[in-house]
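The values are calculated or read from the model by the stated rules, or taken from the named source; none is laboratory data. Please read all numbers here as calculations on a predicted model, not as lab measurements. Every residue, glycine as well, gets a Cβ built from its backbone with ideal geometry; the counts of neighbours run over all protein chains shown. Only protein heavy atoms, including side chains, enter the accessible area calculation; ligands, DNA and RNA are left aside. Shrake-Rupley method; radii C 1.70, N 1.55, O 1.52, S 1.80 Å.
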Amino acid sequence: MKVMFDVSEDVLLEDRLEAEAAPARVGDGAKRARENILVTGEPYAETTVWMLAVRDQRDKVAFGHLFDHFAPRLKGVICRSGLPPAQAEDIVQDVMLTVWRKAHMFDPGRAQVSAWIYQIARNRQIDVLRKERRPVPEELKPAETAEDDASQIVALEEETTALRAALNRLKPAQREMVERAYLGELTHAEIRAETGLPLGTIKSRIRLGLEKLRHELKGTDRT
Amino acid sequence: MTGITHHIPDELLIAYASGSLPKAFSTVVATHVSMCDECRARLGAHETLGGALLDDTPVQEVSSDMKARLFDALDTPAATERVYERSGIFPAPVMEALGGLPPKWKPLGLGVRQMILNHDRSGSVRLLYIPGGMAVPDHGHNGLELTLVLQGAFSDETGRFGVGDLEVADGDLEHEPVAEDGPACICLAATDAALRFRSFVPRMLQPIFRI
C-alpha cells in the first residue's frame, strides 16, 4: 500500500504550492470581482451564482443548472465505490434534494459550492448505505448582520482555483492516492501510512480558512 | 474555545471528511470540531480539496428521467429532522448520541462512571466520569483510542489534556491517565478494540462493563 515518492521533488512541490498559497489579500478579491463582473455580469463563478439564486430566490432554473453540472459528477464519484448505477442514482437524487432543501445553510464565504456538495454527498452516502446518521459538527450560528462578503467569496474561489491547478500538476500515482483518500477508499491508518499524500498542499490552504473563520467569529454569538 | 493544544491529526480529519472513519471515532471528531475553530477551518480546507476532486471527476451520464423526477419532489415538504443543541458541557454531537437526554451513568467502582453511547462491530464510544485526583487503571490498546476532554483535565505519560484537548492513543501506548484535582474529569472516549488492562481484576470485569 505504501507508495514511495522522491522526497526532494516533494519538497519542491510543497515550495511551489506554498508560494501559490500566499493569503489572498482582500484588495485582490475585490479587483477580481470587478473583472468577473465585466466578463459574466456577476462577481462570482457560475456555480456560486446558481447556488445563491437557489438560496435567495428558490430559482429552479438555476437549480437545473446545478443539477446538470453536479449530478453526473456525483454519479461518477459514487459509482467509484462499487455501487450499482441504479443505487448510485438514488443517492445522487437524495444529495441534490438535500442541496435544494438546505440551501439556506450555504455560506459562500466559508465553503465553495463543490466543497459544500462534497460534504453533503459524504453524509448522505453514509446515512443511506449504513442506515445510520453520520455525526456532524454543530453549525456555527451566523452573525446578526449576515451579508455575503464579496471579496471573501472571490478570495476563496481564487484559493480553490490555485488548489485545483496544484492537484492537476501532481504525478498520476500521487493524484490517484489523493483521490482514494478523499473519496473514502482509504482507512485513517492507510492515510497515515501513505507518504505520497501531499498533505503540505492542504496545510498551506488552511491559513485562509482560519483567517476567514476568525473574522467570522468576531460577529458571531456563541456560548 | 481557547487553550486547546491537542488537535485532530490530518489522517483522522481526512478519513472523517471522506466518510471512511467508523462511527465511534466520527462522533469524537465531530465533537472536537464543535469545540475547536482551528480544526473546523482545517476540516473546511479538506472539504475544499474533496470538492475540487468532485468537480474534476469524469462525468457519468444520469438517466434521462432523473431530473424530472427530482423536480417533481422539490415542492414536497421534507420530513422535519430533529436538530440537537449543545447542552452544558455536551456539544451537539454528544447530545445527539444521548438522544437529547442527560447521561445515565453506570458505576465502574471507586467513583468512576461510564455511559456507553454507541457500540457496534467497528468500535464503541462512551462518556467517562473520573473523580478529581483519581487514576484510570493502567491500560494499553489493541487498536486506536481517542479521548476528548469535556470537563476538568487529565494527565498521563504524554502530557496534560484540558477541555477540548484530544488524546490519540495507538496500539503502542501503555498509559495511566490521572484526573486533575478539582471537578471530575468527563471525557468522550472511542475505541475500535477492547482495552487491555494490566492488572487482573479490571480484566475480569471487562466483559461485564464492555470497557
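Is the stretch A:93-106 home to any residue that is modelled with pLDDT under 90 and either touching a Leu at 6+ places or on another chain (Cβ under 7 Å) or not assigned by the TED database to the domain that holds A:Tyr182 (or both)? There is no residue in the stretch A:93-106 that is modelled with pLDDT under 90 and either touching a Leu at 6+ places or on another chain (Cβ under 7 Å) or not assigned by the TED database to the domain that holds A:Tyr182 (or both).
Take residues that are more than 7 Å from chain A (Cβ to nearest Cβ) and within 25 Å of A:Glu185 (Cβ to Cβ) and tell me which of the helices (runs of 4 or more DSSP H) falling wholly in the stretch B:1-104 contain 2 or more.
Values: elements: B:10-18, B:23-35, B:37-56, B:66-73, B:92-97.
Correct list: B:10-18, B:23-35, B:37-56.
Only one residue in A:Ser151, A:Ser114 is open to solvent by less than 50 Å² (accessible area, probe 1.4 Å), small (Gly, Ala, Ser) and either touching a Leu at 6+ places or on another chain (Cβ under 6 Å) or at pLDDT 95 or above (or both). Which one? Don't jump to the end; show me each part of the working.
Values: A:Ser151 fails: either touching a Leu at 6+ places or on another chain (Cβ under 6 Å) or at pLDDT 95 or above (or both).
After ruling out the rest, the residue left standing is A:Ser114.
Is it the case, given these coordinates, that B:Ala78 is touching a Lys or Arg at 6+ places or on another chain (Cβ under 9 Å) and farther than 22 Å from B:Asp192 by Cα? So B:Ala78 passes the test.
Restricting attention to the stretch B:4-20, does a residue exist that is touching a residue at least 12 places away in the same chain (Cβ under 8 Å), open to solvent by 10 Å² or more (accessible area, probe 1.4 Å) and among the hydrophobic types (A, V, I, L, M, F, W, C)? Yes.
Which residue out of B:Thr80, B:Thr158 is over 30 Å from A:Met96 (Cβ atoms), free of Cβ contacts under 8 Å to residues at least 24 places away in the same chain and of a type in the set (Val, Ile, Thr)? Spell out how you get there, then give the answer.
Working: B:Thr80 fails: over 30 Å from A:Met96 (Cβ atoms).
Sole residue among the options that is over 30 Å from A:Met96 (Cβ atoms), free of Cβ contacts under 8 Å to residues at least 24 places away in the same chain and of a type in the set (Val, Ile, Thr): B:Thr158.
Tell me yes or no: at least one residue of the stretch B:37-59 is surrounded by 22 or more Cβ atoms within 10 Å (Cβ to Cβ), touching a Gly at 6+ places or on another chain (Cβ under 6 Å) and not aliphatic (A, V, I, L, M). Yes, some residue in the stretch B:37-59 is surrounded by 22 or more Cβ atoms within 10 Å (Cβ to Cβ), touching a Gly at 6+ places or on another chain (Cβ under 6 Å) and not aliphatic (A, V, I, L, M). Annotation note: Cβ proximity below 7 Å between a residue of the stretch A:79-107 that is farther than 22 Å from B:Leu74 by Cβ and free of Cβ contacts under 8 Å to residues at least 60 places away in the same chain and a residue that is open to solvent by 20 Å² or more (accessible area, probe 1.4 Å) and among the polar types (S, T, N, Q) (sequence gap 6+ or interchain) occurs for A:Cys79/B:Gln60.
Of all residues in the stretch A:57-67, those being at the interface with chain B (Cβ under 8 Å from one of its Cβ atoms) and open to solvent by 50 Å² or more (accessible area, probe 1.4 Å) number 1. The stretch A:71-186 holds helices (runs of 4 or more DSSP H) entirely within its bounds, and those carrying 1 or more residues that are within 11 Å of chain B (Cβ to nearest Cβ) and within 30 Å of B:Met95 (Cβ to Cβ) map to A:85-101, A:113-129, A:172-182. Against the conditions (1) in contact with a Gly (Cβ under 9 Å, 6 or more places away or on another chain); (2) touching a residue at least 24 places away in the same chain (Cβ under 8 Å), B:Ser26 satisfies every one except (2).
With the requirement that a residue be of a type in the set (Gly, Ala, Ser) and farther than 14 Å from A:Arg55 by Cβ, what does the stretch A:95-131 give you?
First, the residues of the stretch A:95-131 that are of a type in the set (Gly, Ala, Ser): A:103, A:109, A:111, A:114-115, A:121.
The answer is A:Ser114, A:Ala115, A:Ala121.
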